[in-house]
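K.L.:
Please see the structure below; I have some questions.
The values are calculated or read from the model by the stated rules, or taken from the named source; none is laboratory data. What you see is a predicted model, and the numbers here were worked out from it, not measured in a lab. Don't worry about glycine lacking a Cβ; one is built from the backbone with ideal geometry, like all the others, and counts go over all protein chains shown. Only protein heavy atoms, including side chains, enter the accessible area calculation; ligands, DNA and RNA are left aside. Shrake-Rupley method; radii C 1.70, N 1.55, O 1.52, S 1.80 Å.
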Amino acid sequence: LRLLFESFPQYQFLFVGYTDNPDFVQRLTRCPNVAFVPEIPYKQLPDLIRGFDVAIVPHQDNAVTRGNDLLKVLDYLACGVPVVSTRCSNVEEYAGALYVADSSERFIEQVKELVERRLHDPVPGYAIARSRDWASQVPTLAAQLFAPLPTTNASREVLSI
């Protein structure tokens with residue numbers, strides 16, 4: 001992050017949301033081009049996101065982040081903003097709609113290209129977000145929850161004990 005902030009002193013980086021790490025926020029906001037806004041009402045979030053030139057997901061790629069499902073990426077895609085992410089949290093699933101960087105240098109290049117050239121097609125991101133909205137997901141989840149459990153010989157043996 002420090003390298004990103006230093007590479008673009010003319011850009012303003014805004015971090016929004018809850019954190020349980022005040023030391024991290026303090027380190028971030030020492031940079032003159034970084035601001036942190038605590039939680040905001042969810043209904044205000046789309047308007048805030050639409051104001052981003054680029055949304056970033058600068059997570060480390062490790063055992064903790066690899067299993068995450070980044071709902072914020074879906075929010076970004078639904079709002080039509082370009083997203084630059086590190087290769088973490090299953091972002092490859094959205095590869096056709098966001099920009100995945102394999103190095104700090106490539107992350108910085110992609111941010112610069114998107115801000116300066118503003119060449120981004122939001123349509124693939126809209127489609128992904130629509131496919132993951134509640135109206136699409138709830139019937140699938142309900143079918144899984146209410147489906148009969150498969151019976152196997154092993155489960156019959158356990159039940160007969």
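K.L.:
Among rounded, prolate and oblate, which fits segment 24-107 when a ≥ b ≥ c are the square roots of the eigenvalues of its C-alpha gyration tensor, a/c under 1.5 means rounded, and a/b larger than b/c means prolate? Could the numbers behind the result be given before it?
P.N.:
Values: a/c = 1.55, a/b = 1.15, b/c = 1.35.
Oblate, because a/c is 1.5 or more while a/b does not exceed b/c.
K.L.:
In addition: Which percent of the accessible area of the chain is formed by carbon and sulfur heavy atoms (probe 1.4 angstrom)?
P.N.:
On the way: 6130 of 10900 Å².
For the chain, the apolar C and S fraction of the accessible surface comes to 56 percent.
K.L.:
Moving on. Given the convex hull of the Cα atoms of the chain, what is a quarter of its surface area in nm²? Don't jump to the answer; show the numbers that get you there.
P.N.:
On the way: hull surface 53.5 nm².
Mean orientational projected area (the chain, Cα hull): 13.4 nm².
K.L.:
I've got another one for you. Per residue, how large is the accessible surface of segment 56-161? Use a 1.4 angstrom probe and give square angstrom. Provide the component values of the computation, followed by the final result.
P.N.:
Working: 6960 Å² over 106 residues.
Heavy-atom accessible area per residue stands at 66 Å².
K.L.:
If you don't mind, there's one more thing I want to ask. With n ≥ 4 as the cut-off for DSSP H runs, can you work out [θ] at 222 nm for the chain, using -39500 (n - 2.57) per run divided by the number of residues, rounded to the nearest 500? Don't skip to the answer; put the middle values down first.
P.N.:
Working: 9 runs with 76 residues, N = 161.
Rounded to the nearest 500, it is -13000 deg cm²/dmol.
K.L.:
Next up: Grab the beta carbon distance between Tyr42 and Leu141, set R0 = 22 Å, and tell me the FRET efficiency rounded to 0.05. Provide the component values of the computation, followed by the final result.
P.N.:
On the way: r = 21 Å, r/R0 = 0.94.
It comes out at approximately 0.60.
K.L.:
Once the other residues with Cβ under 12 Å from the Cβ of Val115 are scored (Lys, Arg +1; Asp, Glu -1), what is the net sum?
P.N.:
Taking every Cβ under 12 Å from that of Val115, the sum is -1.
K.L.:
Right, here's the next one. How big is the equivalent ellipsoid of segment 98-141 along its three axes, where each semi-axis is √(5λ) from the Cα gyration tensor, reported in whole Å from largest to smallest?
P.N.:
30, 13, 5
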